[in-house]
Each structure stands twice: as C-alpha cells, then as structure tokens.
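This is the structure, below, for whatever I ask next.
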Amino acid sequence: VKADGKMISVEQAVALVQANAVPLPPVDIDVDKAVGRVLAEPVCSDVDMPPFDKSAMDGYAVRAADLGDAPTELTVIEDIPAGTVPTQRVEPGSCSRIMTGAPVPERADAVIRVEDTAAADDGRVRFERPVRPGDNICRLGEDVRSGQEVLPVGRLLRPVDIGVASAAGATVLSVHPLPSVAVIATGDEVIEIDQKPEGAQIRNSNSHLVCSRLRQFGIAAEYLGIAPDDSAGLTRAIQEGLKRDVMVISGGVSMGDYDLVPGVLVEQGVELLFQSVAVKPGRPVVFGRRGDGLVFGLPGNPVANLVATEMFLLPAIRRRMGEESPGPVFARAVLTKPVSHKGGRTSLKPVTIERTPDGWRATPVEYHGSADLAGAARGDAFVEIPQGTLELPAEATVRLLTFPDNWRTSNGT
Ligand code: AMP
Ligand code: MG
C-alpha cells in the first residue's frame, strides 16, 4: 500500500493527533522526580499555612495598646527563636523578643521590627512609634487551610509546584508517566554516525535529533537502529517498535519505489490516520494508531523530520504525558526582510527571532531546502509562508512555528 496522496491541512493533522493521543494511566511518583509531569490527582494540604500565628520579622511581640502613647518602654519577658513554643503570655507593660517564623505569644497582637527599637536600661526596650494590631503577623491559615486544594489536576509541574506539594506534605504524587518510545531509521543508504559516509551513504541524523528532543522531556527513547529498505527487515523493526507507547520511524514514507513503511504498518495492524500534510518541508508524514499505541512515520529529509517532530510528534508525546494544550505553538512576528518561496504548499523557512518592545521580529537565514539541517540550525523558529503567497515583504506580520522550550535542558532519566 502506498500513500494514497490525500493531503490534509496542518490544522486537520494537528487535530487528528490530538484526538488520538490519549494520556497514559496515572502512576505514583516521588515528589522529587515529578517536575515536568502532569498531575492526575489534585494535591491538598494536610496542614494550615501558616500553622500558627507567626512572626514575619525579627523584633518584639507586643500588645499594640501598650504603644498607644509611644515613645514608651516595655519589659522583655521571654526570647522566642524560630522552632520554639512561647511559654509566657504578654501581659500589659511587657513584650517578648521574637524571631522570624516563631509563634506569636498569647495576648500579643503585633510585632515590631528590631530596627525600630532601641535597648533601654534594666533589660527594657524602647519603642518610638505606635503600631497597628496585626502588624508583622502572618495569621494561622491565611495562605492555605488544612484540606484545601493547592495544586489542580492537569497542572504541568514546575519547580514552584514541587515546593507547594512538599509544604503540603505530598511526598508522592499521582502523575501521567512518560511514554515508552522506540526510534527507528530506515534506508539502505543510511549509516550510523560513527561511520564515514562513502559513495551514496548518509549519516543517520534524524534518530539522534528525535531522541535528544525527547530527552528534554525526560524520555529515554530506545534507538532500535537502521532498518533496510526491504519488507522483511522493516517488519522485524516495526514489530519491535510497536511494543512501545509511541513508535517513531523516519524515512520510507513518501512515494518512491522503496518507501515501504506505510504498507508494512498496515500489515502489522496499524490504522493510518494521515499520510500527507500540506506543508513544505514535511509533507510525507504518516500518523497511525494501533490500540492506544501511536505510530509516526516521519519524513527522511532532516528538516522535514524536524518540522514533523515539532508539529506532530511532540504534541502527541505531551498529550500522552497528560498535557491539556500540548501545542504546536504558533506565534506572531514581524519580518525584518522579505522571504519568498516557489508557491504550492504552505512552506516553512528558518528564521532567527528577536524580542523587541513591539513584539517578536523574525529574520530569514540562509537555507537551501529540506535536506539543509545546518541551515535550519541557524534559526530559532520557522516562518510560515501561506499557500498562494509567493513573497512576504519586510514588515509583514507572519506566523511562526516556534520551539519555545527547544533549548530547555534536562538530565533525563
Ligand atoms: P526518504 O523519506 O526515505 O525518501 O528519504 C528522503 C531523504 O532523506 C533521502 O535523501 C534520505 O537519504 C534522507 N534520509 C533518510 N533517512 C535519514 C536519516 N535517518 N538521517 C538523515 N537523512 C535521512
Ligand atoms: Mg528512504
């Protein structure tokens, strides 16, 4: 079975990916390993925050009424470092020395910063100005009540959220797991990167690009090597790849005589949902499904492989990891220079982007087409030249396919 040639729009393709990528069933995970994951159950606090009326300053806990006719002096009756429970009530005429984070003693209703006081005789302290009740006291439960939800289902956990969960006593979180991913290259001309190409050979850059992109999400994809352009070899590789949550295979998906991938996928029970998308580079791209398992047949040309990775593969992966809006992300920018193409399909060309007070500005870079990965690497994004437009002039407002987190690093797993 060859590609049936039915071309769909980028929007339709993105929607099909969204409709078919289902989040993986939740697992429990140690809070310290949960950054970048999506919460499957809410986190509720098991404590009030703060857990008691707490001093916000190093200073003195006083009765505001005692300072009504400041300047005045009060007797210090106790020292309350953080971590200790006060033992004395603050009776009229007295005060307690108190540190940030310590519980406010009974009957005191304000804290005065040490900077606003002066030592006086006989262990007394002098206060120059009056104070309002409540000053410099964090009230019990004013931030969070015990039992209150502090993190909602669907939250993509940031370090700040890990801090919140930790404070709430959630040592284990329910999150969507990382999908298992197999990455396969195809092509009789494709060789491993530690080899020097001879004759008509080319190094396998695609698998390494894809694996590194997934590593940024903590996913250690399994590279299953290079399959030959024959049905038997492809079948073996694809049977192995289909054991994972997501299989990514590059090359062999267009209209050539040796583009056997779609046919083998169908033989292995994969339902093909699309095989051709109206975008250049990136037209021959296969998306399929077997059960909940997803299959991507990415184009062999490296820039097309990159575009398809960003537009289809990553959103699917992020959806499987539970993200509600997994992209792709399109942004607006203004061109600094004209950019053109030969027409036909919507095309994407690499640009550098720069943030200015008026928004993003995009500058095309030297680029020779879908095999020119080094050209694409000069850019930070792709500008979209719509179908039917031959040239976009300088100062035109354009749409960008951006890689907002393309340079996000992760030590992975
Ligand atoms: P194909 O999609 O198999 O027709 O391949 C299209 C072009 O991409 C050909 O020039 C291939 O040599 C090249 N290509 C295929 N696979 C890879 C790969 N893994 N890494 C780099 N280039 C590739
Ligand atoms: Mg090929």
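The values are calculated or read from the model by the stated rules, or taken from the named source; none is laboratory data. Here the structure is a predicted model, which is why all the values come from computation and not from measurement. Methodologically, a virtual Cβ is constructed for each residue, glycine included, from the backbone with ideal geometry; neighbour enumeration extends over all protein chains shown. Heavy atoms of the whole protein, side chains included, go into the accessibility calculation; ligands, DNA and RNA do not. Shrake-Rupley method; radii C 1.70, N 1.55, O 1.52, S 1.80 Å.
Has the stretch 224-233 got at least one residue that is β-branched (Val, Ile, Thr) and buried (at least 23 other Cβ atoms within 10 Å of the Cβ)? First the steps, then the outcome.
First pass over the stretch 224-233, keeping only residues β-branched (Val, Ile, Thr): 226.
Subsequent filtering for residues that are buried (at least 23 other Cβ atoms within 10 Å of the Cβ) retains none.
No: zero hits.
Return the total of residues in the stretch 341-351 being surrounded by fewer than 19 Cβ atoms within 10 Å (Cβ to Cβ) and either among the aliphatic types (A, V, I, L, M) or modelled with pLDDT of 95 or more (or both).
Matching residues across the stretch 341-351 total 0.
Then there is this: If you take the residues of the stretch 243-271 that are part of a loop (DSSP other than H, G, I, E, B) and touching a Lys or Arg at 6+ places or on another chain (Cβ under 6 Å), which of them is farthest from ligand 2 (Cβ to nearest atom)?
Among those residues, the one meeting the criterion is GLY269.
Which is farther than 18 Å from VAL277 by Cβ, open to solvent by less than 40 Å² (accessible area, probe 1.4 Å) and at pLDDT below 95, of THR363, THR356? Reasoning before the result, please.
Numbers: THR363 fails: at pLDDT below 95.
Unique residue meeting the criteria: THR356.
From VAL160, VAL183, grab the single residue that is open to solvent by 30 Å² or more (accessible area, probe 1.4 Å) and either part of a helix (DSSP H, G or I) or touching a Ser or Thr at 6+ places or on another chain (Cβ under 6 Å) (or both).
So the residue among VAL160, VAL183 that is open to solvent by 30 Å² or more (accessible area, probe 1.4 Å) and either part of a helix (DSSP H, G or I) or touching a Ser or Thr at 6+ places or on another chain (Cβ under 6 Å) (or both) is VAL160.
Of the residues SER174, SER94, only one is surrounded by 14 or more Cβ atoms within 10 Å (Cβ to Cβ) and under 42 Å from the mean Cα position of the chain (by Cα); which?
Numbers: SER94 fails: under 42 Å from the mean Cα position of the chain (by Cα).
On inspection, the qualifying residue turns out to be SER174.
Listed here are the residues, each with its yes/no results for (1) in contact with a Cys (Cβ under 8 Å, 6 or more places away or on another chain); (2) part of a helix (DSSP H, G or I); (3) under 22 Å from ALA377 (Cα atoms).
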{"position": "ASN305", "(1), (2), (3)": "no, yes, yes"}
{"position": "MET311", "(1), (2), (3)": "no, yes, yes"}
{"position": "GLY322", "(1), (2), (3)": "no, no, no"}
{"position": "ARG332", "(1), (2), (3)": "no, no, yes"}
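What number of residues within the stretch 234-266 are more than 16 Å from ligand 1 (Cβ to nearest atom) and open to solvent by less than 50 Å² (accessible area, probe 1.4 Å)? Break it down stepwise before answering.
Taking the stretch 234-266 first, the residues more than 16 Å from ligand 1 (Cβ to nearest atom) are 235-236, 239-240, 242-246, 266.
From what is left, the residues that are open to solvent by less than 50 Å² (accessible area, probe 1.4 Å) are 235, 242, 244-246.
Residues in the stretch 234-266 being more than 16 Å from ligand 1 (Cβ to nearest atom) and open to solvent by less than 50 Å² (accessible area, probe 1.4 Å): 5 in total.
Of all residues in the stretch 39-98, how many are charged (D, E, K, R), in a loop (DSSP other than H, G, I, E, B) and more than 14 Å from VAL111 (Cβ to Cβ)? Even if it seems obvious, please write down each step before you answer.
Our first condition is that a residue be charged (D, E, K, R); within the stretch 39-98, this holds for 41, 46, 48, 53-54, 58, 63, 66, 69, 73, 78-79, 89, 91, 97.
Then drop every residue that is not in a loop (DSSP other than H, G, I, E, B), which leaves 41, 46, 48, 53, 58, 63, 69, 89, 91.
Right, trim to more than 14 Å from VAL111 (Cβ to Cβ) and you get 41, 46, 48, 69, 89, 91.
Qualifying residue count, the stretch 39-98: 6.
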